[in-house]
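Heads up: the structure comes next, in structure tokens.
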Amino acid sequence: MNPAASTPVKIARRGLMLVLSSPSGAGKSTIARNLMEDDHSLEISVSVTTRSKRPSEIAGKHYHFITVPQFERMRDAGDLLEWAEVHGNFYGTPREPVEQAMAEGRDMLFDIDWQGALQLQEKMKADVVSIFVLPPSMTELQSRLHRRAEDSEEVIRTRLLNSRAEIEHWREYDYVIVNDDLDEAFGHVSCIVKAERIRRDRRHGLFDFVRELLTEEPNL
Ligand code: 5GP
């Protein structure tokens, strides 16, 4: 018997950039949280934002909360991989942690809007896998925003108005999921990640593996 056959085969691959977008309240953040709990090899990109902190949020974990001048300095210095103005606030992805993760073949999750998704798709091409999460209905979206009870009525109204414009971009994503049932939606995302990880074009280590495989003589 070939002794190598009992050793687990680990084939090097490029890191994956998993982008999740949806209108506010469609459940993307819950899906992202479940994904992080389920898969410890996935790292979340912590964005910078000029929006004020919600009561339930932790600085440095959910966002790095910064001022507009701080944001402008980061943006102008090229420290943001992508950035956008969403619902009247600035948001951006710090460049350095992403570049480090990609270089080390680690996977990253991005909870960003369509403008950010587009910028990452343009810059990082095949490393990006994008998923758009749709609500089952606009009525359900509205009641989820109210149930969350973390934003003022005015903020909720702005987010509902903007949600239509966000949904218009659904075609720009690789996958589209309707979040009717959270477990089911999470299951879909989890399957996408598993499948994307074993794509041939992501696994540069396959070349060496197959070359080695073919040097083995069959034991006839
Ligand atoms: P929230 O204020 O509800 O946390 O986020 C509002 C929107 O901004 C969400 O659609 C979220 O995905 C998006 N967002 C959060 N961080 C970033 C970022 O770094 N870049 C971009 N482009 N959008 C972001």
**Report entry** Two-site FRET efficiency, Ile11 against Arg157, from Cβ-Cβ distance with R₀ of 41 Å, rounded to 0.05
**Finding:** 0.25
Requested in this report: Using R₀ = 25 Å, calculate the FRET efficiency as 1/(1 + (r/R₀)^6) where r is the Cβ-Cβ separation of Asp76 and Ala165; round to 0.05.
Outcome: 0.40
Query raised in the report: For Arg197, Arg171, what's the fewest-to-most ordering of other Cβ within 10 Å of each Cβ?
Result: Arg171, Arg197
Report summary line: Among trypsin sites (Lys or Arg not before Pro) in the range 102-152, those in a DSSP loop whose Cβ has at most 16 other Cβ atoms within 10 Å are Arg106
Report task. Report the residue, chosen from Pro94, Pro55, Pro23, that carries the largest GNM mean-square fluctuation when the chain is represented by alpha-carbon nodes joined by springs under 10 Å. Result -> Pro55
Query - Within the range 1-70, GluC sites (Glu not before Pro) in DSSP loop having at most 15 other beta-carbon neighbours inside 10 Å - result: Glu57
Query - Estimated dipole of the range 129-220 in Debye, rounded to 20 [Cβ of Lys and Arg +1, of Asp and Glu -1, Cα centre] - result: 140 debye
Query raised in the report: What's the center-to-center distance, using Cα atoms, between the range 18-79 and the range 103-180 in Å?
Result: 12 Å
Report task. With springs only between Cα atoms under 10 Å apart, run a GNM on the chain and tell me which of Leu161, Leu20, Leu81 wobbles the most. Result -> Leu161
Query raised in the report: What residues qualify as long-range amide H neighbours of Ile44, i.e. H under 5 Å apart, gap of 5 or more or another chain, H built at 1.01 Å from N?
Result: Leu109
Report task. Could you tell me which of rounded, prolate or oblate describes the range 31-137, using a ≥ b ≥ c as the square roots of the eigenvalues of the alpha-carbon gyration tensor, with rounded for a/c under 1.5 and, failing that, prolate when a/b is larger than b/c and oblate otherwise? Result -> rounded
Query raised in the report: How far is helix 153-167 tilted off the main Cα axis of the chain, in degrees rounded to 10, range 0 to 90?
Result: 40 degrees
Report task. Return the long-range amide H neighbours of Ile112 (sequence gap of 5 or more, or a different chain), with a cut-off of under 5 Å between placed amide H atoms. Result -> Leu20
Query raised in the report: On full extension of the chain, what length is gained from Arg199 through His64, given 0.36 nm per residue of separation minus the C-alpha to C-alpha distance?
Result: 45.3 nm
Query raised in the report: Under the classification rounded if a/c is under 1.5, otherwise prolate if a/b is larger than b/c and oblate if not, where does the chain fall, given a ≥ b ≥ c as square roots of the Cα gyration tensor eigenvalues?
Result: prolate
**Report entry** the range 13-28 - phi-based ³J(HN,Hα) in whole Hz, Karplus 6.51/-1.76/1.60, Gly and Pro as x
**Finding:** 8, 6, x, 10, 10, 9, 9, 10, 10, 5, x, 3, x, 7, x, 4
Requested in this report: Using θ = phi - 60° and the Karplus relation 6.51 cos²θ - 1.76 cosθ + 1.60, list the HN-Hα couplings for the range 92-97 in order, rounded to whole Hz, with x at every Gly or Pro.
Outcome: x, 9, x, 5, 4, x
Requested in this report: Specify the residue with the greatest mean-square fluctuation among Arg13, Arg199, Arg75, computed from a Gaussian network of the chain linking alpha-carbon atoms under 10 Å apart.
Outcome: Arg199
Report summary line: Once the in-chain neighbours fewer than 8 apart are removed, the lysines whose Cα is under 22 Å from Lys194 read Lys10, Lys28, Lys125
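Each value in this text was obtained by applying a stated rule to the coordinates, not by laboratory testing. Here the structure is a predicted model, which means the values were calculated and not measured. When we count neighbours, we look across all protein chains shown, and the Cβ atoms used for this are built from the backbone with ideal geometry, even at glycine.
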